[in-house]
Structure formats: C-alpha cells, structure tokens
Amino acid sequence: MDSTVPSYQHRSLSIKLWPPSQSTRLMLVERMTRNLTTPSIFSRKYGLLSKEEAGEDAKEIEEAAFVTATQHFEEEPDGDGSSAVQIYAKESSKLMLEVLKRGPRVKEDEELISDKGEARVETFFDISGGRRAFIEKEEASELLKPLMGPNSFTKICFSNRSFGLDAAHVAEPILISIKDQLKEVDLSDFIAGRPEAEAIEVMNIFSSALEGSVLRYLNLSNNAMGEKGVRAFRSLLKSQKELEELYLMNDGISEEAAKAVAELIPSTEKLKILHFHNNMTGDEGAFAIAEVVKRSLALEDFRCSSTRVGSEGGVAVAEALGACTHLKKLDLRDNMFGVEAGLALSKVIPAFVGLKEIYLSYLNLEDDGAEALANALKESAPSLEILDMAGNDITAKAAVSVAACISSKQFLTKLNLSENELKDEGAVIITKALEEGHGQLNEVDLSTNLITWLGAKVVAEAVVQKPGFKLLNINANFISEEGIDELKNIFKNSPDVLGPLDENDPEGEDIDDEGEEGSGEDELESKLKGLEI
C-alpha cells in the first residue's frame, strides 16, 4: 500500500490503519476460531480442537499479535500503521499454525498414557512447513528420508515445495514403495515456478508412482494445471475407486480441462467432498463438471465458486445436484447464474434435507431468483445454519419470501444479505423474521443496502438482546450522524458487537471507493483475509 501523503494540506486527513477497532479484533478472533475448528490436514495428524478451546486459543493469539504489532507501531509513530497491520496478520497466522500443530490440550481429568505405554505411531508425513521454495535433488533426499524403509505413514503432504525433475526422480521410488499404505495425498502447490514442460513431466512421474494406491483424500489444488496437467495425472486419477475427498481449486481448469476431469475420474460413488473453486470453467466446462456431480450420489460438500459459470452451465450444475440428496454444504458463490439458473436450483433444493450451509452470493439472482430459492429453502433444510445471498440485487419485493424462509430456520447462526437493495422496508421485513426465536444467531450482515437510521434502529434492537450474538455489520449505508450515535447507545453494553461504520454515508450519496483517503478498516480487513489455513 502506498502510504505517502501528496501534500501537507492532506496530512491531517490521512487515516491511520493502527490500532484496529474492537469490532475488527473480534472479527479476527472469530475467523481464527473457525479456522482452528475446521477439519484440515493438520487436524488429521494432531487432532481437532473443540470450539471452546479454539475460542480461548484465538483470543490469546490475537492479544499476543496485537501487543507485538503495537510495539512496532510505537517505534514508528509517524507511519500510517500499514507495517503494524502486516505484523499483526503475520504474527496471528504464525501463532495459529503453532496451535494447529500442537493439537488439543490433554485435559486434567483425562487418563494419561503410562510410561510403559506404546509410543505414538506417526501416520502423517508433512514437508509443507517453512518458506515456500524450490526443492532440488539433495534436499529431497534428506527431506524424504523418513519415508525410506519400514514406516507407518498413511498421509503425506508435499505442498508448498516446488519439485523439479531431479527431486521428482528422488521421490519416485519412495512413493512406489509406500503407495499401498497411503490413504491421503496432498500435492497442492508442488510445481510452482517450474517451466510448463518440466512441471508436466514432474506430474507424470508422481502420477505413475502413485498409480494403484487406494486413496480416500487427494488434493491437487494450486498447480495451474490446465488440460495438460489434468491429463498428466491420468494414471493416478484413473486408478482411484475409493476417493471420498477431491480438491481441484485454483488449477486453471478450462472447458477442455473440465472434460478431462470428467473423463479421468471413473468412480465417484464414495465421493463426499468435491471442491472446484477459482477456475475458468465457463458454461461448457460446467456441463462436464455436472456429469461428475451427477455420478456423486454420496456428495455432502460441493464447492463450485468463482468458476465463470453462466446461466446455461448453472442450470446444468443445478439439475445435476438434484441427485445429491446427502448434501450438507453448497457453495456456488461468484458465478453468473442469473435468474434462470436460480430457478433451476430452487427446483432441486427440496432434495437437500440435511443442508447446513448454503452460499449463493454474487449470482445475479435478482428478486425472481431469490424469491424462488427462498421459497424452496423454507420448505426444506430444517437445520440450516448459514444463509448467504449477498450481492444479488434483492429488493424489498423479495424480502417477504426471504423473511419467511428465515422464520423457519431456528438453527440459523449466520445471515449475509449484504450488497443488495433492501432499503429500510426490506431491512425491517427481514428483521421482523429474526425477532422470534433464533437463539443461536450470532452474525447478521446487512451492509451496503441503502438503509437509513429508521431501518438500522429496527435491526439493532432486534439483535442486541440475543444471547451469544457477536456481530452486526450495517456499514456502508445511509445512516445519519445522530443515528450512528443512537446505534452506539443501543450497543453501549456490548460495543464489540456493532461492526465498523467507517463507510457509512450520512448524506445518502454513493461512496467513492477510489477516493484519496481510502478506508482504514477496509484496508486492514483486506490484509487479514489471508489468514485462512
């Protein structure tokens, strides 16, 4: 970020990024808590933290990171705080990784293993720690030594290290020797920076070495594979019959590459998790992915976000999902579905009886698509916990259907309707649906909805008394200065619950996102988004 000030006259108006507001600190704690309680390659080795323990760890991490960053900021009092933000994020990420690798603490009342007890058997081999770097022949030989000879490793992670041909040839015989015992393989981001020809050859080597293994988990994300890369893994993919989790995120998968995926995965009967985020699949590619989905009858978690899928492809994916009656989590964010695909999806929603989370933001649903989906969800998914329909041009017209849906979801914990056009009328309709019950609700986002103080007051009074409620985001609306003071008064006993209001426009005018001053908290929040693990 460029923190220079163009002239002396503007210095008094510059925004310091440090210290962050209490609400921003709380949001970071919440994000880290979610990360620490989300199953990952770390939890498979070290164990999964409980929500209570993760919450305590997250608070301690944030406090330590805040102290470190503040000390740095105080040494540079003339800075704008951007370097302190970087240290805050870096320190938080580092400490969170330490907690993940520590695993759950042994509780005092748990029976301890006796001195004569057997030593813990290592099952997870991971070289992803440390800096992201190339790995050559000599280092590969040293790093992979524990895999040579008899061992009990069933999970391997080669992520974050870039293998060249020499290093791949070192790994080849080792992988062949242990492939029959492997159950989980993570080869995400393992060819970064290599020339295409070398990268393809490395993928061929790994694929051939692991051919015939019986895996339940395979991660090939972040390899910019394209069709050539997908086909380089032909031997490995074709031999898999027991896969339960497959990750192909950020792989540059185009239409042809998507067709290759559909062709090379012959068996999906046991597939429970399929993540296909951030690719350039488009409509034609979506048809191929729909074929994979159609065969995945056990699918519980499907992510096809940011894949450039339009209306036709969206309809195909929606119709294919109708076969996935065990779906618990559906993420289709940031595509170009439009109303037609929204209507198609609404027709299959009733099949998802056990749905817990649904992410439908930025799909161009408009009122008609939003209404159809809300009506369908109202009659299904009784245990829904997260509903996200941000950025769909939803107005007060569709708010009636959305509110009816919300009323029926008493297990709802998070509601995101940001970046729509609800205005006061729609906000009030939605809020009325939240007044009764919803004891587990802890987060509501109605930011950027053209809401004035009248609507904001109703929203605030509805959520402030809810036990366990943690965050109301009503930023970037048209709330008067007096209204902001009243909002703060409503939350005087729980100020951390009210999110930042730095982007609010009391005059009701559009905010210039490229203005000279910028938004301090927005800048801070953007820097902290990289903490996902």
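Find the centroid of the Cα atoms in the range 132-171 and in the range 175-198, then give the distance between the two in whole Å. Measuring centre to centre over Cα atoms gives 9 Å.
Computing FRET efficiency as 1/(1 + (r/R0)^6) for E269 and M148, where r is the C-beta to C-beta distance and R0 is 35 Å, gives about 0.50. Note: relative contact order over the chain, using C-alpha pairs below 8 Å and six or more positions apart, is 9 percent.
The mean accessible area for residues of the range 354-412, using a 1.4 Å probe and ignoring ligands and nucleic acids, is 32 Å² per residue. Computed over protein heavy atoms with a 1.4 Å probe, the carbon and sulfur contribution to the accessible area of the range 263-422 reaches 51%.
Note on K59 and E122: the model spin-label points, each 7 Å out from Cα along the C-beta direction, lie 3.6 nm apart. When the surface is traced with a 1.4 Å probe over the full set of protein chains, S50 keeps roughly 40 Å² accessible.
Using Cα-only point scatterers and the Debye equation, what is log10 of I(q)/I(0) for the range 243-287 at each q in 0.17, 0.32 Å⁻¹, rounded to two decimals? At q = 0.17, 0.32 Å⁻¹ the computed log10 ratios are -0.46, -1.19. With K and R counted +1 and D and E -1, the other residues having a Cβ less than 9 Å from that of N219 yield a net charge of -3.
Here is the P(r) of the range 276-409: all C-alpha pair distances, binned every 5 Å from 0, give 2, 12, 23, 26, 21, 11, 4, 1 in whole percents.
Mean projected area of the convex hull spanned by the Cα atoms of the range 194-259, taken over all viewing directions: 4.1 nm². The amide H of S162, built 1.01 Å from its N in the peptide plane, has A133, F134, I135 as neighbours under 5 Å, considering only residues 5 or more places off or on other chains. Calculation over all alpha carbon pairs of the chain in 20 angstrom steps from 0 returns a P(r) of 19, 50, 29, 2 percent.
Using heavy atoms of the protein chains and a probe of 1.4 Å, the accessible area assigned to S177 is about 80 Å². 3J(HN,Hα) couplings calculated from phi for the range 164-169 with the Karplus curve 6.51 cos²θ - 1.76 cosθ + 1.60 (θ = phi - 60°) are, in sequence order, x, 4, 4, 5, 5, 5 Hz; Gly and Pro show x.
Each peptide in 435-441, 307-313 receives the mean, over its residues, of other Cβ atoms within 10 Å, and ordering these scores from highest gives 307-313, 435-441. The amide H of N392, built 1.01 Å from its N in the peptide plane, has Y362 as neighbours under 5 Å, considering only residues 5 or more places off or on other chains.
I'd like to check one number: the per residue accessible area of the range 47-87, probe 1.4 Å, reported in Å² as a whole number. Don't jump to the answer; show the numbers that get you there.
Working: 2160 Å² over 41 residues.
Per-residue accessible area for the range 47-87 comes out at 53 Å².
Of the cross-linked pairs K59/K101; K241/K356; K145/K241; K423/K457; K145/K228, which ones have a Cα-Cα span greater than 21 Å in the structure shown?
Details: K59/K101 17 Å; K241/K356 28 Å; K145/K241 29 Å; K423/K457 13 Å; K145/K228 31 Å.
Violating the 21 Å limit, Cα to Cα: K241/K356; K145/K241; K145/K228.
Between E503 and Q86, the FRET efficiency estimated from the beta carbon spacing at R0 = 25 angstrom works out to 0.65. Extents of the range 261-309, taken as max minus min of Cα coordinates on every principal axis and listed largest first, are 27, 21, 14 Å.
A viscosity of 1.306 mPa s and a temperature of 10 °C, combined with the Kirkwood radius over C-alpha pairs in the Stokes-Einstein formula, give the range 153-245 a diffusion coefficient of 123 µm²/s.
Rg and Dmax over the alpha-carbon atoms of the range 399-446 stand at 10.0, 27 Å. Karplus-based coupling profile of the range 473-486, in residue order and whole Hz: 9, 10, 5, 6, 10, 10, 8, 5, 4, 5, x, 5, 4, 5, with θ = phi - 60° in 6.51 cos²θ - 1.76 cosθ + 1.60 and x standing for Gly or Pro. Between I176 and V214, the distance separating the two model label sites (each 7 Å from Cα on the Cα→Cβ line) works out to 2.2 nm.
Which shape class, rounded, prolate or oblate, goes with the range 174-330 when its Cα gyration tensor gives a ≥ b ≥ c as root eigenvalues, a/c under 1.5 marks rounded, and past that a/b bigger than b/c marks prolate? Oblate shape, in that a/c is at least 1.5 and b/c is the bigger or equal ratio.
In the range 412-493, how does Rg compare with the Kirkwood Rh, expressed as the Rg/Rh ratio over alpha carbon atoms? Present the calculation step by step, with values, prior to reporting the outcome.
Numbers: Rg = 11.6 Å, Rh = 12.5 Å.
Using Cα coordinates only, the ratio equals 0.93.
Computed from backbone phi with θ = phi - 60° and the Karplus coefficients 6.51, -1.76 and 1.60, the 3J(HN,Hα) list for the range 190-206 is 10, 9, 4, x, 7, x, 3, 4, 5, 4, 4, 5, 4, 4, 4, 4, 5 Hz; x is used for glycine and proline.
Report, to the nearest 10°, how far helix 282-295 tilts away from the longest principal axis of the Cα atoms in the chain, using its own Cα long axis and a range of 0 to 90°. It is inclined by approximately 70 degrees. The label point for R34 and the one for A224, both projected 7 Å from the Cα toward the Cβ, are 2.9 nm apart.
Each of the peptides 228-235, 445-452 was scored by the mean count of other Cβ atoms within 10 Å over its residues; in descending order, highest first, they stand as 445-452, 228-235. Annotation: amide H of L17 within the under-5 Å range of G81, S82, sequence separation 5 or more or interchain, hydrogens built in the peptide plane.
Axis angle, to the nearest 10 degrees, between helix 82-102 and the longest C-alpha principal axis of the chain: 50 degrees.
The values are calculated or read from the model by the stated rules, or taken from the named source; none is laboratory data. Here the structure is a predicted model, which means the values were calculated and not measured. Glycine gets a Cβ as well: all are built from the backbone with ideal geometry, and neighbour counts include every protein chain shown. When the accessible area is computed, the model is the full protein with side chains, heavy atoms only, and any ligands, DNA or RNA have been set aside. Shrake-Rupley method; radii C 1.70, N 1.55, O 1.52, S 1.80 Å.
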